[in-house]
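Notes follow once the structure below has been shown.
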């Protein structure tokens, strides 16, 4: 899920957020008004998904792109990269929205997670943010 799954125990940042920042990733504090609303919604969604027997991970698409040396906000270039690493479908036939690209990037992170090609920042109590191990996207094939 591309949203914080937990609020901090105290203060404005979780351990995961602090570790992300320390490793050069930019994240927003989960307690900002808009982020807090998103976090509460993500917590509820996570509960529903877990009840059905699925595992949920927290991802941050911008950080995934940074870890893989993919452009951060140039949506056309990002789409080209996604096609070049082997993703098929709409990436090849139409211009995707930024939200669709973020969703695909989140799914890419989940795929890399299943391949043990990610790192987890945070702790059990406040949750982890999953980010790919740093590598250049040109060496990545799906």
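The values are calculated or read from the model by the stated rules, or taken from the named source; none is laboratory data. Because the structure is predicted, anything quoted here is derived from the model rather than measured. Here Cβ is always computed from backbone atoms with ideal geometry, including for glycine, and neighbour counts include all displayed protein chains.
Residues to consider are 112, 140, 68; find the one that is touching a residue at least 60 places away in the same chain (Cβ under 8 Å), touching a strand residue (DSSP E or B) at 6+ places or on another chain (Cβ under 8 Å), surrounded by 15 or more Cβ atoms within 10 Å (Cβ to Cβ) and more than 30 Å from residue 10 (Cβ to Cβ).
Going through 112, 140, 68 in turn, just one is touching a residue at least 60 places away in the same chain (Cβ under 8 Å), touching a strand residue (DSSP E or B) at 6+ places or on another chain (Cβ under 8 Å), surrounded by 15 or more Cβ atoms within 10 Å (Cβ to Cβ) and more than 30 Å from residue 10 (Cβ to Cβ): 68.
Could you list, in sequence order, all residues of segment 46-65 that are assigned to a helix (DSSP H, G or I) and without any contact (Cβ under 8 Å) to a residue 60 or more places away in the chain?
46, 47, 48, 49, 50, 51, 61, 62, 65
Checking the conditions here, which among 43, 58, 100 is farther than 30 Å from residue 11 by Cβ, surrounded by 13 or more Cβ atoms within 10 Å (Cβ to Cβ) and at pLDDT 95 or above?
100 is the lone residue from the list that is farther than 30 Å from residue 11 by Cβ, surrounded by 13 or more Cβ atoms within 10 Å (Cβ to Cβ) and at pLDDT 95 or above.
Within segment 21-28, does at least one residue satisfy the condition of being under 15 Å from the mean Cα position of the chain (by Cα) and modelled with pLDDT under 95?
Checked against the condition, which is being under 15 Å from the mean Cα position of the chain (by Cα) and modelled with pLDDT under 95, segment 21-28 yields at least one hit.
Can you work out which of the residues in segment 76-109 that are assigned to a loop (DSSP other than H, G, I, E, B) and without any contact (Cβ under 8 Å) to a residue 40 or more places away in the chain is farthest from residue 2 (Cα to Cα)?
Checked segment 76-109; the qualifying residue farthest from residue 2 (Cα to Cα) is 93.
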